[in-house]
Structures are given as structure tokens and as C-alpha cells.
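Every read-out reported here was derived from the displayed coordinates using simple, explicitly stated rules and does not represent laboratory data. Just so it is clear, the structure is predicted and the values come from calculations on it, not from any experiment. Counting neighbours? That spans all protein chains shown, and the Cβs are built from the backbone with ideal geometry, glycine included.
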Amino acid sequence: MAENTLRPKSLQGKPPWKTQEGQNRDAQNVDFDALFVLAEWGRGCSDRGHAVATFRFFSPAGTGLNDCIDQERLQALASARHEGCGLAGDFYFDPEIYRAEIDQIWRGGWLFAGHTCQIPEPGDFFTYEIDCESILILRDEDHCIRAFYNLCRHRGMRLASGGGHATRFVCPYHQWNYDCKGQLCSSWGMGPDFDKSEWALLPVAVHDPAGFVYISLAEQPIPFEQVGAQLVKFATPQGLERACIAKCAEYEIDANWKIIWENNRECYHCNVNHPQYIKANFDHYNTDDCTPAIQTRIDAQVERNRAKWETAGLAATHRQTGMASFPDPESESGWCAINRTVLVEGYMTETMDGQQAAPLMGDYADPDVGTLRMRTMPNMWNHSSCDHAVTTRLTPAGPRKTLIQVLWLVDHDAVEGRDYQLDQLLPFWQLTSEQDWEICEQVQKGIESRAYRPGPFSTYKEKNLEAFVRWYLKQLVRD
Ligand code: FES
Ligand SMILES: [Fe+2]
């Protein structure tokens, strides 16, 4: 692994959105309010967590890409897998399979794009790049989160990059400009018969439950409501909508995105590779190596937690050894799973010493709330403690490359230096994450070998890998 491969870029530069220091807020600080009358446009506004957006979905297809995929070959590779074993090597580097994944999974599912707290004020925006798309995500004047294809309707120029604040999005090419509802407001030089109302920005399906922003590029997105309701139920006490970004780290990892998920879905590797993580957690123990003494400790923590939090809805939902099950290939909403679980005695939060490092978040009145774990396929997991939350977003950038963004969130009133120190807040998940990235790069190298053959999963410790592979093949291979 090259030394600079895993260097968190944001530790040297500015995150591309509002930070507590207000960095980069003026990236597109353009105000055309005096020139244009705002037009109300009722489409494409998310419902802040509950409702169903009524979109006319733009199809990025028309490319015929799906038709290029050899379904017979995919079927043959999928059927050749032995139950309880990994995928054939081709799945981790073959460009045609990668193309099929993009079309079937990444363009078909709901993608975590970012957090609502990254765009707290009307006009705040950020962009998310996936495959050949750039998606512009913003908050409009009515505080609704909207998403649009980040391209000018004139001749396709990108409208914005990174993040910032704008009351109008002015195309750098010929200066057509759009308001925060996507309406084309000005198109000088197009003549009196030009109907601006027909050339609004193209909306993208978006939902923003409990501070998470999800987008879908699908013409007909899969159902979101059940997952949205789960996120609202479990994540609302964490207060992610009332948070701010304490730090953003970005990584470019030389590994297929599935290797990163497979690594995430088991803790077989934790004892040796994650010395910090295992001090705080019980989930690296499984039924084969959990002694009666350890089980007694887990039971005591669970019972104490239950007695304390049951009426507040904060009791542990995952109460046994091993990791929570995820994903569920048999369920329509099996692309999301959320659980709260206990930490080891003495750990109030996932910091190096277990001590609270920032003010309590959300509705918590007590630091003793264990850890809230949320994850959605294909690209997000979040580990939330009483005082901070850590969100990891995956974005494939080729069969052998994955871009990873890790965000640390704290309460929006917390001030770095006064209420928390980054050197206390970051190391636990920064170390654990970077340990994983290094493993994943080495696994990619091994799988590239012509000698590679898929090996067997541990029935005790890698049940989630079998579930992941089944979920993946079900999304990928058409009946
Ligand atoms: S491409 Fe945007 S105004 Fe011409
Ligand atoms: Fe790990």
C-alpha cells in the first residue's frame, strides 16, 4: 500500500461544505434575487423523512448499457458459486460485471449521499458523484432538501462542484441560471418565444429521514418508506439533523467495493487487526469462543441497559454475541438494518479510553446509551455514540477502486477546542477504519492472482458474508 493512499485528504485540506469554521461557504456565493421572481415549483422536494416525493423521473438510460451485459455469463458465474463460499475472482475486477453492478445495484437502489446538517441553510448545497453522474443536493427556500442532476439544460455543462452556498446556480458556460427549486430563471439570448418553464433542472428522487440524505437514480425507485420509518424511529434520538461535521476524511482505496463490505460484515478479523475496537465491543465474540464468564458480562450489560432505557426506547436491540445480521436477501427492506447494542463496561462512547469526548447529542440526557449501528446497502454505515456519530460512505470508482468518505458528527452547538478535541474524537474510528482499508487492499491483490479460488466462510463468524453474497447476486442477476 502506498503510504499516501490512505492519507485522509481532508486532514490537510478543507472539507467541501460548511464546517464549524464556515469554510468554503462562499464557493458559489451568487445572489440574483433582485433580478428574478421566484417561481414556485412543487416537484422534487423531499418530505423531510416521511412522505413520498412525486417525481417525474428522468431516465439516465437510453444508453442501452443494461443490454450490453451478458446475462448468461453472469448467471453461469453466480450458479458456479458453492453455498457458504465467496464469489469467484471475476466479481472483483471484471469491467463487465462492474458495469452490471452499477446499472443494477448502484443505479437501482437508494444511495446515501450525505447528511442534512451539511446544508443547514436555504441555498446550501453539496454534490455527490457516482458513475458518470453528478448530483446536486441542496436546501431550498422552504427548507426542503432537493436533488437534481448537476447539468445545465442548455448544453449539459456542470453547474456546481464541491459544496457551498448559492441563491442561483449560474451556468459558467452561457450563464443560464436556476433557482433552488430547479426552475430556469434566466436564459438570455434565447429569444421571446423560448419557454423557460420547460427547461427546469432534472430532479432526482430524494428522501431525508432523520438527517440522512438518500437519492435514487432509478426510473422507478424501489420502496423507501419502510427503511425511512426505521431510520426515523432509531436515529431521531441521535439528533443527526441538529449536528455538524467535526471532521471529514476521504480515502481512495484500491479495492473493489464488495471487499470493503465483506470486511465490514464480519469481526473474525477483529481480534488481531483491531486492538482498539475490541476493547470497547463484545461483538467479536461468537458462540464458539464466548466463555461463560464473557456471556455473564454481556448479559449483565444488557440487563442493566434494559432496566435503564426500556421505557425511553433506547434499550439494546442486539443482545447476543456476534454481529447483527445484515443484509437480509429475503426481505424487501433487507438493504437496511439498525440495532443498538451495549459497549464493554466502562465505555460510554467509542473513544480510545471510552470517556465522553464531546457534548451529548440529540435527545440523550445520559451518556450511557451504548452504540447505535445503522447501515444501508449499497453504501453507508454509521456508528453512533452518545457524543458523536461516524458515517462511512462508499462510492465505487471502478472495479478495483472505491472512494470512501468518513464523517464525524457532533452536536451543532459543540465548538472544537472548547467542547471537544479532535485528537480525542477521531482516533478510535480513524484507526479502525484505516486498519480495514489496508486489509481490503491486500485482499484485492490476492484475489487478482490466477491461483485464487473462493474459500469457505466460517459458519460461526461469517454468516453475514453468505447473506451479503446472496443479497448481491439477487440484485445483480435477473431472473
Ligand atoms: S451550457 Fe449552460 S448556459 Fe449553455
Ligand atoms: Fe474491520
Note to self: With only alpha-carbon atoms in the gyration tensor, what are the semi-axes of the equivalent ellipsoid for the stretch 287-356, in Å, largest first?
What the structure shows: 23, 17, 14
Checklist line | Size-normalised alpha-carbon gyration radius of the stretch 233-351, reference 2.2 N^0.38 Å | finding: 1.20
Note to self: Taking 8 Å as the Cα distance limit and 6 or more residues as the minimum spacing, I'd like the relative contact order of the chain as a percentage.
What the structure shows: 20
Notebook entry, point to check: Straight-line reach from LYS247: which aspartates and glutamates have a Cα under 13 Å away, not including same-chain ones fewer than 8 places off?
Noted result: GLU21, ASP411, GLU416, ASP423
Notebook entry, point to check: Any idea what angle helix 225-235 forms with the longest principal axis of the chain, computed on alpha-carbon atoms, 0 to 90 degrees, nearest 10?
Noted result: 60
Check: Given a cut-off of under 8 Å on Cα pairs at least six residues apart, what relative contact order in percent is computed for the stretch 282-327?
Finding: 56
Note to self: Distance cut-off 21 Å, Cα to Cα: go down the list LYS279/LYS463; LYS401/LYS474; LYS258/LYS461 and report the pairs above it.
What the structure shows: LYS279/LYS463; LYS401/LYS474
Note to self: Restricting to DSSP loop positions (anything but H, G, I, E, B) with no more than 16 other Cβ atoms inside 10 Å of their own Cβ, which trypsin sites (Lys or Arg not before Pro) remain in the stretch 279-379?
What the structure shows: none
Note to self: List the aspartates and glutamates whose Cα sits under 18 Å from the Cα of LYS196, skipping any in the same chain fewer than 8 residues away.
What the structure shows: ASP33, GLU40, ASP179
Check: Label-point separation (nm) for ASP363 and ARG418, each offset 7 Å from Cα along Cα-to-Cβ?
Finding: 2.8
Next item on the list: Considering only DSSP beta bridges where both residues belong to the stretch 225-476, give the percentage that are antiparallel (nearest 5).
Entry: 95
Notebook entry, point to check: Karplus couplings for the stretch 211-218 from phi (6.51 cos²θ - 1.76 cosθ + 1.60, θ = phi - 60°), rounded to Hz, Gly and Pro as x?
Noted result: x, 9, 10, 10, 10, 9, 8, 6
Check: Applying 1/(1 + (r/R0)^6) with R0 = 45 Å to the Cβ-Cβ distance of TYR173 and GLU330, what FRET efficiency is obtained, to the nearest 0.05?
Finding: 0.40
Item checked: Given charges at beta-carbon only (K, R positive; D, E negative), |dipole| of the stretch 225-476 in Debye -> 680
Next item on the list: For the chain, find the longest principal axis of its Cα atoms and tell me its angle to the long axis of helix 427-447, 0 to 90°, nearest 10.
Entry: 90
Check: For HIS383, what charge total do you get from the other residues with a beta carbon under 9 Å from its beta carbon, if Lys and Arg give +1 and Asp and Glu give -1?
Finding: 0
Notebook entry, point to check: Is the stretch 413-479 best put as rounded, prolate or oblate by its Cα gyration tensor, with a ≥ b ≥ c the root eigenvalues, rounded for a/c under 1.5, and otherwise prolate when a/b is larger than b/c, oblate when not?
Noted result: prolate
Notebook entry, point to check: According to a simple spin-label model (label point 7 Å from Cα along Cα-to-Cβ), what is the distance in nm between ALA293 and ALA451?
Noted result: 4.1
Check: Expressed as an acute angle from 0 to 90° and rounded to the nearest 10, what is the orientation of the C-alpha long axis of helix 292-309 relative to the principal long axis of the chain?
Finding: 50
Check: Rounded to the nearest 500 deg cm²/dmol, what is the calculated helix-only ellipticity per residue at 222 nm for the chain, with -39500 (n - 2.57) per DSSP H run of length n ≥ 4?
Finding: -6500 deg cm²/dmol
Notebook entry, point to check: Going by a ≥ b ≥ c, the root eigenvalues of the Cα gyration tensor, does the chain fall in the rounded group (a/c under 1.5), the prolate group (a/b larger than b/c) or the oblate group?
Noted result: oblate
Next item on the list: Using R₀ = 30 Å, calculate the FRET efficiency as 1/(1 + (r/R₀)^6) where r is the Cβ-Cβ separation of GLU303 and THR459; round to 0.05.
Entry: 0.55
Check: What is the gain in length, in nm to one decimal, between VAL477 and GLU438 on full extension, counting 0.36 nm per residue of separation less the C-alpha to C-alpha distance?
Finding: 11.0 nm
Notebook entry, point to check: Do any GluC sites (Glu not before Pro) in the stretch 67-109 lie in a loop, going by DSSP, with at most 16 other beta-carbon atoms within 10 Å of their beta carbon, and if so which?
Noted result: GLU83
Checklist line | the stretch 179-195-the stretch 404-440 distance, computed between alpha-carbon centres (Å) | finding: 44
